[in-house]
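Here is the structure we will look at.
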């Protein structure tokens with residue numbers, strides 16, 4: 001079976017946030033996606049949808065979110081034009097795998113950035129929607145296991161530091 005390849009611009013709507021990163025508030029009600037790997041918080045939302053978020057500069061990264069949120073002006077908010085043709089979680093995993101290509105295309109001196117055409121022109125394989133969902137479910141299951149083990153490893157590293165400190169602290 002031959003799988004169609006389509007340009008991302010044919011299948012998605014891509015917007016950016018409108019806010020400066022300084023708009024964040026510590027006790028905000030909604031996630032605020034900037035170029036950082038961890039979302040900040042904010043008091044107002046501009047989006048209420050299922051989307052893939054691509055950090056457009058700095059630490060280029062990809063996130064998936066569904067619900068109310070806001071985004072920094074250099075964060076691309078990507079939505080499927082038709083979810084019966086392009087599953088958003090499948091899109092997330094595609095863009096996550098495409099991240100290295102985006103990093104190679106990034107331009108700029110100290111802070112690297114990507115341009116909108118880099119996303120619009122991306123070529124995405126487009127199997128049937130049921131196959132997209134199967135792929136996304138499989139990758140989600142593996143990601144859940146990876147996240148669980150990364151958390152356990154982090155806890156073990158902290159324990160190791162405490163034990164070293166107790167064992168070798170002469171004060």
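Tabulated values for the structure
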read-out: Filter result (touching a helix residue (DSSP H, G or I) at 6+ places or on another chain (Cβ under 7 Å) and surrounded by fewer than 17 Cβ atoms within 10 Å (Cβ to Cβ)) within region 8-55; value: 9, 14
read-out: Flag for residue 108 being touching a residue at least 12 places away in the same chain (Cβ under 8 Å), surrounded by fewer than 13 Cβ atoms within 10 Å (Cβ to Cβ), more than 11 Å from the chain's Cα centre (by Cα) and farther than 16 Å from residue 5 by Cα; value: yes
read-out: Filter result (in contact with a strand residue (DSSP E or B) (Cβ under 7 Å, 6 or more places away or on another chain), under 17 Å from residue 52 (Cα atoms) and in a loop (DSSP other than H, G, I, E, B)) within region 94-121; value: 121
read-out: Sole residue being farther than 26 Å from residue 88 by Cβ, at pLDDT below 90 and part of a helix (DSSP H, G or I), chosen from 166, 157; value: 166
read-out: Matching entry among 86, 119, 102 (being farther than 27 Å from residue 29 by Cα, surrounded by 18 or more Cβ atoms within 10 Å (Cβ to Cβ) and modelled with pLDDT under 95); value: 102
read-out: Output for region 64-89, where each listed residue is assigned to a loop (DSSP other than H, G, I, E, B) and either touching a helix residue (DSSP H, G or I) at 6+ places or on another chain (Cβ under 7 Å) or under 22 Å from residue 23 (Cβ atoms) (or both); value: 73, 74, 81, 84, 85, 86, 87
read-out: Residues of region 127-136 that turn out to be without any contact (Cβ under 8 Å) to a residue 24 or more places away in the chain, surrounded by 10 or more Cβ atoms within 10 Å (Cβ to Cβ) and assigned to a helix (DSSP H, G or I), as a count; value: 2
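The values are calculated or read from the model by the stated rules, or taken from the named source; none is laboratory data. Quantities reported herein were computed from a predicted structural model and do not represent experimental measurements. Cβ sites come from the backbone with ideal geometry, for glycine too, and all protein chains shown count toward neighbours.
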